[in-house]
Amino acid sequence: MNISTFYGLNVGVSALETAQQVEDVISNNIANANTPGYAQETPTLEEYTPFPTVPAHDAPILNGQMGQGSQVSSVHRDTSAFLDMQDRVNQGTYQMYSTHQQNLTQIEGILNEPSSQSMQNAMDQFFASWQTLSTDPSNTAARQSVIAQAQQMGQTFQTITNELETLQSNLTNVVTGQIGQLNTDANQVYQLNTQIVRVLQQGQQPNQLMDQRSQILDQMAQMANISYTQQSNGADYITLAGSTLVDGSNSYLAGTTTPYTSPPAASYTAQTAYTFASTLKSGSIAGNVQSVNDANTMLNNLDTFLNTFENAVNAIQTSGSTATSSAASPPPPIFSVPSSDTFASTDPVNGSNHLILTVNPSLTTSEIATGGATWGGPGDNSNALNMVALQNQQQSSLQGATFDQNIASLVSGIGVETASVNTSVTTAQALSQQSCTLRQAVSSVDVNEQAAMMVQYQNSYSAAAKFVSVFDQMMQTLMTIVP
Amino acid sequence: MRITQSMMTQDFLYNITNDNSRMANLENQLSTGKTLNEPSDNPLAVSQDMSINATLSETTGYQNAISQGLTWMNNTSSALSNLNSALQQIQELTLNGVNGTNQDPAALNALSATAQQMVGDVSQIMDSQQGTRYLFGGTATQTAPSSYVLGSTPPPTGASSNLSLLVAAGIEIPVNVTATSLMLTIPTGGTADLSQTLTSIVADLKSGNQGNLSTDLQNLNAGMSQVTGLEADLGSREVRMNALNSQMSQYSNLVTNEKGVIEDANMAQVITQFNTDQTVYQAALKLGSQVLLPTLVSYLP
């Protein structure tokens, strides 16, 4: 028994098909060269099983086996799981520092120091007005100026407190939104897992689905320090800070074992999401949480400062005397105490009330106590001198610093932190740049390479087409032999 | 290692971004003239800078107080010299009375009337004011001293108190002389204060009482030396104030210079650095564009 006459034709057709399929893959690569998350696809060419496969009694008599042409056995993505994971970790670290840096820059802008229009200046002007008053205690204009400077100081600090509180509650909202995004992404990964597993079971390569999943994992890694493992069936299981996000049966709301629903269960409040977010160690969520903590610390420090300040000023004021005061009815305080805002009610997740420096609204110019413990006449400025001396007194509630030193240390504290985060950002950026380069070296599309392959397979296609044409001519020759 | 177009683009952008951020920082320093724009630029220098700000504000306050104090003291000083001349004239009148050459009642009346006039002058000098405040009133600056010094009302609270100003950290200097110390304090070597002495001079001149007039003269002399003593004391305080004034302005200059050292940008250095960075940036752009553009595809037929 002989082999078929058209054996060679079929082999030639397989060559044409192979070359065409490879060109299809090349065109897909070029089309997706700039798609984010896309990994270059490489076709694997294989020989067909040779003919005849096993010796049999009705096999043709041939010398050896004959090849049956080529085929594209699979198209797979070029990735390195190790480089992918490294890159994701580095991106997460970089995002954390970069987000923290942006927020700290905003905080620095709110404090607006060193400058001549901010906190320290307001306080210095307050003490300067008392110094002026001490040179002419009966001067009504000087007294009015003291009240005006006290109000100005209250206003300056109130603006700063309000802006910090706004930043804090905005960031808290952003964080809870990001956790929501994380939950949605985890659910998408779960859906993709199901589809990928099904396709792999059929023996196909779900390249597009895996590209999509890789893209989502990149996004998630930038937000939080997820860890994921690829299972033998092709699914990716994701855990985050000890709690499972995606496993074989479901995707879960972050930090709980409740399966994901849209909208999430009523018990999954903003508070739950934020509490979980505070346990994360990397990613932009962690950067935002750290910034919220920084804003909160600054607000608490300002509270301590303002509280100490108004108590000290009031103590000096009420221990002095005016023309109409007496031991039984001492002069009224300059600042109303207590006087806080209602931030806790506007930001139930994270807010707590903070101090507003309010000038006693009923304070009149004649009630400013310039006189000493016993009234010595309209020229008595001893209490005014005490108030001026307050600027240089060490306050025990401020760890022995004066008021000016306390403000300076608050500002330079933020400066130190921002400077160190700036250094970390530079390092993290260099690291993430390097790991991204390594990952792209494996996975991204080189247009030159694709163009060269394109030419190569174009030539193969021409050769195969030429062979088919020659074979056709051979058949023609055979036909003409028969009259 | 494969190199792909997207890698080259990314590298290029990373380097250009770094160049840009360096130049942006230098540009900020150039336009503000300061190296210290944010606390994170130099956290330790910020803390120094802020404490210098506080010091400057205090120093300005002290300089203001010193100038106020000097004005007060100058006015007091000239009022005191007027007081001296008035007292000298009264002294001459008393001497005339003591010498006894003018014994007839008409002459005595005339002397007494002139003395009365002079005492009125002294009363006016005691009521010298700066603005609406009485120079010699102590801390009772709204009460005219003549009402209790040469009148019968008791001195109000604060009439004998010092009027002090804070002119340096922890340094208070009294800037006044009180009417009570001038007129209601019995001088050493005398038996009556100036207020009583002046009143009794007018009465004794009228009556021609020689014995009393001698005692009065003694008391007047003692009172006048007390006035001179108080004037000298004021003078020494004025000297202190002037010394502090020049010290404060020197200190203010010193501190302002120090602030400049901490926060000002060295313009020459910054501009040179900026030019270098600009050259690097332009080179990167030019060469980058030549590397990024061509691929194999453009050379295929």
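The values are calculated or read from the model by the stated rules, or taken from the named source; none is laboratory data. If you're wondering where the values come from, they're calculated on a predicted model, not measured in any experiment. Glycine also receives a Cβ, built like all others from the backbone with ideal geometry; neighbour counts cover every protein chain displayed.
List the pairs whose first member sits in segment A:441-452 and is facing another protein chain (nearest Cβ under 7 Å), whose second member is of a type in the set (D, E, K, R), and whose Cβ atoms are under 7 Å apart, counting only residues at least 6 apart or on separate chains?
A:A441/B:R2; A:D446/B:R2
Just checking, does segment A:374-389 include any residue being under 38 Å from the mean Cα position of the chain (by Cα) and touching a residue at least 24 places away in the same chain (Cβ under 8 Å)? Show your work before the answer.
Step one: of segment A:374-389, the residues under 38 Å from the mean Cα position of the chain (by Cα) are none.
No, because not a single residue in segment A:374-389 is under 38 Å from the mean Cα position of the chain (by Cα) and touching a residue at least 24 places away in the same chain (Cβ under 8 Å).
Would you say B:Q142 is of a type outside the set (K, R) and free of Cβ contacts under 8 Å to residues at least 40 places away in the same chain?
Values: of a type outside the set (K, R): yes; free of Cβ contacts under 8 Å to residues at least 40 places away in the same chain: yes.
So B:Q142 fits the description; yes.
Just to be sure before I move on: is A:P348 within 43 Å of the chain's Cα centre (by Cα) and either at pLDDT 90 or above or more than 18 Å from A:T308 (Cβ to Cβ) (or both) in the structure I sent?
yes
How many residues are surrounded by fewer than 22 Cβ atoms within 10 Å (Cβ to Cβ) and of a type in the set (D, E, K, R) when one looks only at segment A:295-333?
1
Can you tell which of A:E108, A:E113 is within 11 Å of chain B (Cβ to nearest Cβ), in contact with a Pro (Cβ under 8 Å, 6 or more places away or on another chain), in a loop (DSSP other than H, G, I, E, B) and not basic (K, R)?
A:E113
When you check A:S424 against the structure, is it of a type in the set (G, A, S), closer than 30 Å to A:Q222 by Cβ, surrounded by fewer than 18 Cβ atoms within 10 Å (Cβ to Cβ) and in contact (Cβ under 8 Å) with a residue 40 or more places away in the chain, yes or no?
yes
Which one is surrounded by the fewest Cβ atoms within 10 Å (Cβ to Cβ) among residues in segment A:364-388 that are within 7 Å of chain B (Cβ to nearest Cβ) and assigned to a helix (DSSP H, G or I)?
A:L385
One line per residue, one yes/no per condition, for (1) outside any helix (DSSP H, G or I); (2) free of Cβ contacts under 8 Å to residues at least 24 places away in the same chain; (3) buried (at least 21 other Cβ atoms within 10 Å of the Cβ); (4) touching a Pro at 6+ places or on another chain (Cβ under 9 Å):
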site	(1), (2), (3), (4)
B:M1	yes, yes, no, no
B:M7	no, yes, no, no
B:L13	no, yes, no, no
B:M23	no, no, no, no
B:V46	no, yes, yes, yes
B:L56	no, no, no, no
B:S81	no, no, no, no
B:Q89	no, no, no, no
B:E92	no, yes, no, no
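Suppose we keep only residues that are crowded, with 16+ Cβ neighbours inside 10 Å and more than 9 Å from chain B (Cβ to nearest Cβ) within segment A:453-467. Which one would you say is farthest from the chain's Cα centre (by Cα)?
Of segment A:453-467, the ones crowded, with 16+ Cβ neighbours inside 10 Å are A:453-454, A:457, A:460-461, A:464, A:467.
Keeping just the survivors that are more than 9 Å from chain B (Cβ to nearest Cβ) gives A:453, A:457, A:460-461, A:464, A:467.
On the way: A:M453: 40, A:Y457: 45, A:S460: 49, A:Y461: 50, A:A464: 54, A:F467: 59 Å.
Ranking the qualifying residues of segment A:453-467, first place goes to A:F467.
Take the residues in segment B:149-164 that are in contact (Cβ under 8 Å) with a residue 12 or more places away in the chain and more than 9 Å from chain A (Cβ to nearest Cβ), then tell me which one is surrounded by the fewest Cβ atoms within 10 Å (Cβ to Cβ).
Here the residue is B:S160.
Tell me, yes or no, whether segment B:165-175 has at least one residue that is in contact with a Pro (Cβ under 6 Å, 6 or more places away or on another chain), crowded, with 21+ Cβ neighbours inside 10 Å and within 14 Å of chain A (Cβ to nearest Cβ).
The answer is no; no qualifying residue exists.
Quickly run through segment B:100-148 and pick out the residues that are within 14 Å of chain A (Cβ to nearest Cβ), surrounded by 14 or more Cβ atoms within 10 Å (Cβ to Cβ) and of a type in the set (G, A, S).
The answer is B:G137, B:G138, B:A140, B:A144, B:S147.
Go through segment A:36-58 and count every residue that is exposed (fewer than 13 other Cβ atoms within 10 Å of the Cβ) and modelled with pLDDT under 90.
Going through segment A:36-58 one residue at a time, the tally reaches 9.
Restrict the check to segment B:234-248 and report whether at least one residue is away from chain A (no Cβ under 14 Å), within 23 Å of B:I186 (Cβ to Cβ) and of a type in the set (V, I, T).
no
Among the strands (runs of 3 or more DSSP E) lying completely within segment A:168-257, list those that include at least 1 residues that are under 30 Å from A:S352 (Cβ atoms) and either among the hydrophobic types (A, V, I, L, M, F, W, C) or in contact (Cβ under 8 Å) with a residue 12 or more places away in the chain (or both).
Counting at least 1 such residues, we get A:236-240, A:243-246.
Is it true that some residue in segment A:34-55 is within 11 Å of chain B (Cβ to nearest Cβ), outside any helix (DSSP H, G or I), among the hydroxyl-bearing types (S, T, Y) and farther than 30 Å from A:N383 by Cα?
Within segment A:34-55 (the criterion being within 11 Å of chain B (Cβ to nearest Cβ), outside any helix (DSSP H, G or I), among the hydroxyl-bearing types (S, T, Y) and farther than 30 Å from A:N383 by Cα), the answer is yes, since at least one residue qualifies.
Taking segment A:274-320 as the region of interest, how many residues are closer than 18 Å to A:Q394 by Cβ and not charged (D, E, K, R)?
12
Name the residues in segment B:174-214 that are in contact with a helix residue (DSSP H, G or I) (Cβ under 6 Å, 6 or more places away or on another chain) and under 30 Å from B:M248 (Cα atoms), would you?
If the condition is that a residue be in contact with a helix residue (DSSP H, G or I) (Cβ under 6 Å, 6 or more places away or on another chain) and under 30 Å from B:M248 (Cα atoms), then B:V175, B:V177 are the ones that fit.
Looking only at residues in segment A:392-406 that are in a helix (DSSP H, G or I) and more than 7 Å from every other protein chain (Cβ to nearest Cβ), which one is nearest to the chain's Cα centre (by Cα)?
A:N406
If B:M23 satisfies all but one of (1) over 32 Å from the mean Cα position of the chain (by Cα); (2) facing another protein chain (nearest Cβ under 8 Å), what's the number of the condition it fails?
So the condition that B:M23 fails would be (2).
When segment B:31-41 is examined, which residues are found to be surrounded by 14 or more Cβ atoms within 10 Å (Cβ to Cβ) and either in contact with a Ser or Thr (Cβ under 7 Å, 6 or more places away or on another chain) or not polar (S, T, N, Q) (or both)?
Residues satisfying the conditions are B:K34, B:L36, B:E38, B:P39, B:S40, B:D41.
Being within 14 Å of chain A (Cβ to nearest Cβ) and surrounded by 14 or more Cβ atoms within 10 Å (Cβ to Cβ) is the filter; apply it to segment B:266-301 and report the residue that is farthest from B:K34 (Cα to Cα).
Out of the qualifying residues, it is B:L296.
Please specify each residue of segment B:26-74 satisfying the condition of being more than 11 Å from chain A (Cβ to nearest Cβ) and within 30 Å of B:T276 (Cα to Cα).
Scanning segment B:26-74 gives B:L26, B:E27, B:N28, B:Q29, B:L30, B:S31, B:G33, B:T35.
Among (1) outside any helix (DSSP H, G or I); (2) under 30 Å from B:S57 (Cα atoms), there is one condition A:V72 misses while meeting the rest; what is its number?
So A:V72 meets the others, but not (2).
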